[in-house]
Amino acid sequence: MFVGSTQAAKLMGISARRIRQLLQEGRIQGAFKAGRSWIIPLVEGMPQVKEGTRGPLARWRRRKPSPVTIIHVNQQTIRQNQKQEKPAPVISVKRGQENIYGHEVEIKGPCRVVYRRDNPKPCGARVWIETLFQVEVLTNNSTKLSLLR
């Protein structure tokens, strides 16, 4: 997964300016510039930073990993909606213990689609979308609910 400099700073618990200094010095491994933006790869959820030659050892604050938001489309509800007049929400957004149903989802950052034929989710899903970023769910009555990171 890749992030920008501001998101990397939040992950590491340091300022965005310090991240840009590390990028200029070439100390963040695998980072590259695309136009005016930096693209930083994550290894186990954190950017890889090379040790400096001076000063104290770096002690990046390892934050608790935020729960992954899982977005799943329920096939059984889709089949049931063909027979009903008022359609039920078919998209399920799960984050920790929270579960929100809606008709439309907007993901505000990178995500990935996962297919696990032999290891489905407890709900039976074999294909789902995972993201660590903010997700907005549009419910039936055009109400937007945000799940923050």
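Consider only pairs whose beta carbons are under 6 Å apart and that are at least six residues apart or on different chains; among these, list those whose first residue lies in region 96-124 and is over 18 Å from Gln76 (Cα atoms) and whose second residue is surrounded by 11 or more Cβ atoms within 10 Å (Cβ to Cβ) and among the acidic types (Asp, Glu).
Taking only residues 6 or more apart or on different chains, the pairs are Glu106/Glu136; Arg112/Glu130; Val114/Glu130.
Going residue by residue through region 22-37, is there one that turns out to be touching a strand residue (DSSP E or B) at 6+ places or on another chain (Cβ under 7 Å), in a helix (DSSP H, G or I) and not polar (S, T, N, Q)?
Pass one, region 22-37, residues touching a strand residue (DSSP E or B) at 6+ places or on another chain (Cβ under 7 Å): 22-23, 27-28, 30-32.
With in a helix (DSSP H, G or I) added as a condition, the list becomes 22-23.
Then keep just the ones that are not polar (S, T, N, Q); that gives 22-23.
Yes: region 22-37 contains one or more residues that are touching a strand residue (DSSP E or B) at 6+ places or on another chain (Cβ under 7 Å), in a helix (DSSP H, G or I) and not polar (S, T, N, Q).
Given the conditions (1) touching a Leu at 6+ places or on another chain (Cβ under 7 Å); (2) closer than 29 Å to Val137 by Cβ; (3) at pLDDT 85 or above, and given that Met1 satisfies all but one, which numbered condition is not satisfied?
(3)
Scan region 126-143 and give yes if some residue there is more than 30 Å from Ile14 (Cβ to Cβ), surrounded by 12 or more Cβ atoms within 10 Å (Cβ to Cβ), at pLDDT below 80 and β-branched (Val, Ile, Thr), otherwise no.
yes
I need the full set of residues from region 9-46 which are among the hydrophobic types (A, V, I, L, M, F, W, C) and more than 27 Å from Pro67 (Cα to Cα), in order please. Don't jump to the end; show me each part of the working.
Filtering region 9-46 for residues among the hydrophobic types (A, V, I, L, M, F, W, C) gives 9, 11-12, 14, 16, 19, 22-23, 28, 31-32, 34, 38-40, 42-43, 46.
Scanning region 9-46 gives Leu22, Leu23, Phe32, Ala34.
Mind checking which residues of region 33-42 are of a type in the set (A, V, I, L, M, F, W, C) and surrounded by 12 or more Cβ atoms within 10 Å (Cβ to Cβ)? Lay out the reasoning, then the answer.
If we filter region 33-42 for residues that are of a type in the set (A, V, I, L, M, F, W, C), which is where we start, we get 34, 38-40, 42.
Once the filter is applied, which keeps residues that are of a type in the set (A, V, I, L, M, F, W, C) and surrounded by 12 or more Cβ atoms within 10 Å (Cβ to Cβ), region 33-42 yields Trp38, Ile39, Ile40, Leu42.
Every residue, every condition in (1) within 30 Å of Thr139 (Cβ to Cβ); (2) β-branched (Val, Ile, Thr); (3) modelled with pLDDT under 90; (4) within 19 Å of the chain's Cα centre (by Cα), yes or no:
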site	(1), (2), (3), (4)
Arg17	no, no, no, no
Pro41	no, no, no, yes
Arg59	no, no, yes, no
Arg62	no, no, yes, yes
Pro67	yes, no, yes, yes
Arg79	yes, no, yes, no
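Just name the residue that is modelled with the highest pLDDT out of those in region 43-54 that are loosely packed, with under 14 Cβ neighbours inside 10 Å and within 16 Å of Arg20 (Cα to Cα). Give the steps one after another, and end with the answer.
Within region 43-54, the subset loosely packed, with under 14 Cβ neighbours inside 10 Å is 43-45, 50-54.
From the residues that got through so far, the ones that are within 16 Å of Arg20 (Cα to Cα) too are 50-52.
Numbers: Lys50: 84, Glu51: 80, Gly52: 74.
The selected residue is Lys50.
The values are calculated or read from the model by the stated rules, or taken from the named source; none is laboratory data. Source: prediction; values computed, not measured. In this analysis, Cβ positions are derived from the backbone assuming ideal geometry, glycine residues included, and neighbour counts consider all displayed protein chains.
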